[in-house]
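The values are calculated or read from the model by the stated rules, or taken from the named source; none is laboratory data. Treat the numbers as computed from the prediction; the structure is a model and nothing was measured. Cβ placement follows ideal geometry from the backbone for every residue including glycine, while neighbour counts extend to all protein chains displayed. Side chains are part of the model used for accessible areas, which takes the heavy atoms of the whole protein and leaves out ligands, DNA and RNA. Shrake-Rupley method; radii C 1.70, N 1.55, O 1.52, S 1.80 Å.
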Amino acid sequence: MALRELKVCLLGDTGVGKSSIVCRFVEDNFDPNINPTIGASFMTKTVQYQNELHKFLIWDTAGQERFRALAPMYYRGSAAAIIVYDITKEETFQTLKNWVKELRQHGPPEIVVAIAGNKCDLSDAREVPEKDAKDYADSIHAIFVETSAKNAINIDEVFTEISKRIPVVDGAGGSSARSFKLGRQTSESRRTCC
């Protein structure tokens, strides 16, 4: 069975649950007192997808503004980016749109983008309507899912959806046309993006 290494970068504001998503996916663990990430942390997990093994090389980036300049170092060469926001904090959803713009300008052209609305277990405190987030994700052709790292809701599904969008490698080592392209925008289309 073929083994493919897929670099995945998690982006988003501090406190949205990026590290909790990674810990839930890799270790099936949730720590309510997890410390903020400094710089970035790295974990791996290998899962079977169809007739391949996908080894996810997961870079969990710091959400604090002071570490923002380091992000390109982590998403460069990534097969996928998971941009996380907190459904109970509207400003984290607005910041997410800035991450999408940055990926369009500086990220790999065929990067798979997933948008994860985390903390769906706190729906009573929701500030970001699910429909608004889904409509936005659809408009940029991104994967969309609401997750709860605390209650293990849709965590594995995010990575399964990424596996589905990764281009299939044919026998000659090339990839098929199943890939997602995060198109570069002209300055005119950039104004109407978000």
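Annotations
- Solvent exposure ordering (accessible area, 1.4 Å, most first) of 162, 153: 153, 162
- Long-range HN-HN contacts of residue 111 with modeled amide H, under 5 Å: 182
- Residue 1 sits among other residues whose Cβ lies under 13 Å from its own Cβ, and their net charge, with Lys and Arg +1 and Asp and Glu -1, is +1.
- Lysines whose Cα lies under 26 Å from that of residue 134, excluding same-chain neighbours fewer than 8 positions away: 7, 18, 89, 97, 101, 119, 150, 164, 181
- Scalar couplings 3J(HN,Hα) for region 114-124, obtained by applying the Karplus form with A = 6.51, B = -1.76, C = 1.60 to θ = phi - 60°, are 10, 10, 10, x, 7, 6, 5, 6, 9, 4, 5 Hz; x denotes Gly and Pro.
- With all protein chains modelled, accessible area of residue 20 [1.4 Å, Å²]: 10
- Largest to smallest accessible area among 43, 1 [probe 1.4 Å]: 1, 43
- Comparing 87, 2, 160 along the charge dipole axis of region 1-163, the residue lying farthest to the positive side is 2, per the Cβ-charge model.
- Under-5 Å amide H pairs with residue 12, H placed in peptide plane, nonlocal only: 84
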